[in-house]
Amino acid sequence: MTYPINGRSGHNYLGNSSPSKREVHRLKDEKTNCQVDEILKAGHAVGFSPDTLDQAHSDGYDNCAYCIGGSTR
Ligand SMILES: [Zn+2]
């Protein structure tokens, strides 16, 4: 499941819930191109429970090409 978050603190992964994006970012490998600040500002940031990449995929999120790679789109 996903739930809204408003910061990076305490999270391994952050999702962009914008319907045109639906991407997951790995915060420890975050790059400028991830635009996480913009995602947070737009109110599109979600956390995952449990906080794993598998869960993000189960929730329909695709890998960010910059911090994870291997996008399936
Ligand atoms: Zn990213």
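The values are calculated or read from the model by the stated rules, or taken from the named source; none is laboratory data. None of the values given here were measured: they were computed from a predicted structure. Quick reminder, even Gly has a Cβ in these numbers, built from the backbone with ideal geometry, and neighbours come from all protein chains shown. What goes into the accessible areas is simple: the full protein's heavy atoms, side chains included, and nothing from ligands, DNA or RNA. Shrake-Rupley method; radii C 1.70, N 1.55, O 1.52, S 1.80 Å.
With the condition kept exactly as written, say whether any residue in the range 20-32 is at pLDDT 95 or above, within 14 Å of Ile5 (Cβ to Cβ) and open to solvent by 80 Å² or more (accessible area, probe 1.4 Å). No - not one qualifying residue is present in the range 20-32.
Sub-7 Å Cβ pairs linking a first residue in the range 17-29 that is charged (D, E, K, R) to a second residue that is away from the ligand (no atom under 14 Å from the Cβ), at least 6 apart or interchain, are Arg22/Gly60, ordered by first then second residue. Within the option set Gly15, Gly7, Gly60, being open to solvent by less than 50 Å² (accessible area, probe 1.4 Å) and in contact with a Gly (Cβ under 8 Å, 6 or more places away or on another chain) holds for one residue only, Gly15. Scanning the range 30-54 for residues that are closer than 11 Å to Gly15 by Cβ and β-branched (Val, Ile, Thr) gives Val36, Ile39, Val46. Considering the conditions (1) in a strand (DSSP E or B); (2) more than 9 Å from the ligand (Cβ to nearest atom); (3) out of contact with any Phe, Trp or Tyr (no Cβ under 6 Å at 6 or more places or on another chain), Gly47 is excluded by exactly one of them, (3). Answer yes if at least one residue in the range 22-40 is assigned to a loop (DSSP other than H, G, I, E, B), in contact with a Gly (Cβ under 8 Å, 6 or more places away or on another chain) and more than 8 Å from the ligand (Cβ to nearest atom), and no otherwise. Yes; the residues of the range 22-40 include at least one that is assigned to a loop (DSSP other than H, G, I, E, B), in contact with a Gly (Cβ under 8 Å, 6 or more places away or on another chain) and more than 8 Å from the ligand (Cβ to nearest atom).
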